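Data first, discussion second: the structure below is written as structure tokens.
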Amino acid sequence: MISTGITGLDSVITGLRLGDNVVWQIDDIKDYADLVRPFVERALKEKRKVIYIRFASHKELIPSLKTVKRYELNAQAGFENFTAKVSNIITQEGEGAYYVFDCLSELLSAWATDLMIGDFFMVTCPYLFELKTVTYFSILRNHHSFKSIARIRETTQLLLDVYHCDGSCYIHP
């Protein structure tokens, strides 16, 4: 079993498995950062290769660390350029890497349509699965079309809804 770094969550979802693409549906990037931190800490403790794909304007999710490989990409260069660069990174890094991507919703401002995010996900995730990686993505709730969310839901292994109610944070698989 691969850990999210959160014991209770691991128990509920019976942990992660090689090949899992995990999508966190969030209201605030801070929630995603709070989920990324324990995942990365556990992965580094277990001597896993951690790769951070940085492209968004939001606060960085993982500070610059010698133990985390970081790629900074320009989403403004367009869908095809961005997708090709991500694919090349995945090929170069090979099997078993752990990835953290910035929030995919940030790509909305760079690309012509919301459907391109779904296309990116449908192209990238099967390759990550094939290479037995574990990858974290996030999307902002109510920022995407039903069709884009459906494409992501159909492609990912885990879609986890993070929400707040009465001062508590909940995760709904």
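The values are calculated or read from the model by the stated rules, or taken from the named source; none is laboratory data. As the structure is a computational prediction, the values presented were derived from the model and not from experiment. All Cβ positions, even for glycine, are placed from backbone atoms using ideal geometry, and neighbour counts span all protein chains on display. To get the accessible areas, we keep the full protein, side chains included, count just its heavy atoms, and leave off ligands, DNA and RNA. Shrake-Rupley method; radii C 1.70, N 1.55, O 1.52, S 1.80 Å.
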- Between a first residue in region 155-171 that is at pLDDT below 95 and a second residue that is among the basic types (K, R) and surrounded by 18 or more Cβ atoms within 10 Å (Cβ to Cβ), which pairs have beta carbons less than 9 Å apart while being 6 or more apart in sequence or on different chains? none
- Note on the structure: Within region 132-145, of all residues that are buried (at least 17 other Cβ atoms within 10 Å of the Cβ) and farther than 21 Å from W111 by Cβ, the one farthest from the chain's Cα centre (by Cα) is T133
- Query: Within region 7-17, can one find any residue that is surrounded by fewer than 16 Cβ atoms within 10 Å (Cβ to Cβ) and either touching a Phe, Trp or Tyr at 6+ places or on another chain (Cβ under 6 Å) or within 21 Å of T91 (Cα to Cα) (or both)?
  - Reply: yes
- Message: For region 146-173, which positions are open to solvent by 90 Å² or more (accessible area, probe 1.4 Å) and hydroxyl-bearing (S, T, Y)?
- Response: Y170
- Flagged in region 121-149 as hydrophobic (A, V, I, L, M, F, W, C) and closer than 22 Å to R17 by Cα, in numbering order, are F121, M122, V123, C125, L128, F129, L131, V134, F137, I139
- Query: How many residues are part of a strand (DSSP E or B) and farther than 19 Å from D102 by Cβ when one looks only at region 132-173?
  - Reply: 9
- Query: Restricted to region 7-19, and to residues that are of a type in the set (G, A, S) and part of a helix (DSSP H, G or I), which residue is farthest from P63 (Cα to Cα)?
  - Reply: S11
- Note on the structure: When region 20-47 is checked residue by residue, the ones that are in a loop (DSSP other than H, G, I, E, B) and buried (at least 17 other Cβ atoms within 10 Å of the Cβ) are D20
- Item | In region 72-87, the residues that are among the acidic types (D, E) and under 16 Å from the mean Cα position of the chain (by Cα) | E72
